[in-house]
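Structure first, then comments.
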């Protein structure tokens, strides 16, 4: 844990200083905003994934794979399509974000009830339905983006559809507050999460209102996913990668260790990865691709080792 | 009975082809063909753009539907097709490498390289499948989709390194608007594939019953399997090279047909071929009408329709599949 903390600090320091030329008073604030964005995304994705895996009690299902990120992009596109880009551009980005998160909570709730509502369903079916849902959401969003007037779409594209090299800095403050608030709530729930991980019967026997807690935790997960997608766009496999690294490196079931551990690993992956790619290898903007590659391999390995049984 | 179904699908393809011939960005008036005869500009539009496009649509649709059917029989899983087992993505990677290393290569060579990659990708998929301990029905497409994603990430990475990101868009997103006379002829290879699949239908069906059973019936399981996969690889490569990827088509059509007609390949094959052509025609015509005179590429329309139908198939058969 200490080692992870030290490593993430080193990654952050390198990110801030490596190959910095010219005016420090420009470089430091510029990089600090990027760093803040990356750290926020890392924490949000890691915490969301670990909590999601605890309440669904498996190690291969993640909100990213279940298409939550794609859902956010779809809702965003539908808003632009329905209201018209001119009107959307006039709305305060924070209000827009709040509206999008609210809509997403509703839809994620419906999706979750539809998928998990029945007694016990096959995990493979859930995964496949989730992946195909993600494709469907992305395709509908793509279709609508084609239907929007291309000129107007271009104007909005930068603002609405973020990526690792175009982190949306208008939302950084809001995002930081939201992530901090969600993490504070989860911090108070740590013992409850530990109990939920034991399974429904044990949790109820130990006096936890299982259904209510799962619903609330899922709401928090949805908010975290919305934050990370708003900042850098959907990333399917980052959560899977860092959560499973955390389980491997920190052999414990206690969320007091797992959650910060996973968050630190995510920070190391994102900040370290970005430093390595951008500064050392000078491959700009491919971090998302590298994460998809590594995360996909981890998924295949987990499947081959039979982790989904 | 299959005969009336075949007849109806054939009629649908015919009607849709006529519609496809008549719509487009340029003005096109059937009457002018009568009054001005062969000198009308309409003839030119028809022969250079509309007819090749319609033929390409029919060939690509039929070809992809058949590759889906063959893969589903050989892998013994209803949810596989070229884009869910890594075939399409591997073919795209092959095309990218050709563009990088031998940009002058003629289109046939390009297709052969793509086909080799497609074959290797499918082989890799089967290899991984063999090592997966628990062979759930749904595990198979799951592994395939993620493998496709991993291969796709390699392609994107390379494209990014060599500033080809825009051009890979051309063959990762199916689009028939680029089809003109002289640019689609490679797709006629689909006709040969259909003929071969029809000739092999019984052997493929037997091979689909498993290695031991097929060998017991006196069939060389390995060679039939290889031949089937080669057909799949060549057709997918030809489609990727000429028009790009069209997701989920090979999955949806054979499944819907087998819901109606059952699993006898010789009987369902003609309907699958015609159904694939009809679905591609419908999607392309929709894409051409919605924001006329602009177009929505078929990769997008098919992405929406195909994934929705895929979801329906998954959840419909839930009680039996899960």
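Taking R0 as 41 Å, what's the FRET efficiency between residue B:294 and residue B:316 from their Cβ-Cβ distance, rounded to 0.05? Please report the intermediate quantities before stating the final value.
Working: r = 35 Å, r/R0 = 0.85.
The pair residue B:294/residue B:316 has a calculated efficiency of 0.70.
By the count of neighbouring beta-carbon atoms within 10 Å, fewest first, B:273, B:194, B:107, B:85 end up ordered B:107, B:194, B:273, B:85. Arranged from fewest to most other beta-carbon atoms within 10 Å of their beta carbon, B:312, A:24 become A:24, B:312. Modelled this way, with points 7 Å down the Cα-to-C-beta line, the labels at residue B:286 and residue B:160 are 3.2 nm from one another.
The helix-based estimate of mean residue ellipticity at 222 nm for chain B, built from -39,500 (n - 2.57) per DSSP H run of four or more residues and divided by its residue count, is -24500 deg cm²/dmol to the nearest 500.
What ranking do A:240-246, B:52-58 get when scored by the average of other Cβ atoms within 10 Å per residue, highest first?
Numbers: A:240-246: 25.1, B:52-58: 23.4.
Descending packing order for the listed peptides: A:240-246, B:52-58.
Could you work out how far apart the two model spin labels at residue A:9 and residue A:304 are, taking each label as a point 7 Å from the Cα in the direction of the beta carbon, and quote it in nm? Here the modelled spin labels are 3.8 nm apart. May I ask for the angle, rounded to the nearest 10°, between helix B:51-75 and the longest principal axis of chain B, with both axes built from Cα atoms and the value confined to 0 to 90°? Tilt relative to chain B: about 10 degrees.
Provide B:259, A:61, B:126, A:231 in ascending order of the number of other Cβ atoms located within 10 Å of each residue's Cβ, fewest first. Kindly include the intermediate steps, with their values, before the conclusion.
Numbers: B:259 11, A:61 20, B:126 16, A:231 24.
Listing B:259, A:61, B:126, A:231 from fewest to most nearby Cβ atoms yields B:259, B:126, A:61, A:231.
Between residue A:256 and residue A:92, the simple spin-label model (points 7 angstrom out along Cα→Cβ) gives 3.9 nm. Subtracting the Cα-Cα distance of residue A:2 and residue A:78 from their residue separation scaled by 0.36 nm leaves 22.9 nm. Taking the helices alone, chain A has a mean residue ellipticity at 222 nm of -24500 deg cm²/dmol, built from -39,500 (n - 2.57) per DSSP H run of at least 4 residues and averaged over all its residues. The stretch between residue A:209 and residue A:110, if pulled fully straight at 0.36 nm per residue, gains 33.6 nm over its current Cα-Cα span.
Roughly what angle does helix B:2-22 make with the longest principal axis of chain B, taking Cα atoms, 0 to 90 degrees, to the nearest 10? For B:2-22 against chain B, the angle is about 40 degrees.
Does the protein assembly as shown come out rounded, prolate or oblate, given a ≥ b ≥ c as the square roots of the eigenvalues of its C-alpha gyration tensor, rounded meaning a/c under 1.5 and, failing that, prolate meaning a/b above b/c? The partial results should precede the final answer.
Working: a/c = 1.84, a/b = 1.44, b/c = 1.28.
Since a/c reaches 1.5 and a/b is larger than b/c, the shape of the protein assembly as shown is classed as prolate.
When the square roots of the Cα gyration tensor eigenvalues are ordered a ≥ b ≥ c, the ratio a/c for region A:209-266 is 1.5 or more and a/b does not exceed b/c, which makes its shape oblate.
For chain B, take the longest principal axis of its alpha carbons; what is the angle in degrees between that and the long axis of helix B:221-242, to the nearest 10 within 0 to 90? Compared with the principal axis, the helix lies near 30 degrees.
Read the figures in this text as sums done on the coordinates, not as results from a lab. Owing to the predicted nature of the structure, the values given are computational and were not obtained by experimental measurement. When we count neighbours, we look across all protein chains shown, and the Cβ atoms used for this are built from the backbone with ideal geometry, even at glycine.
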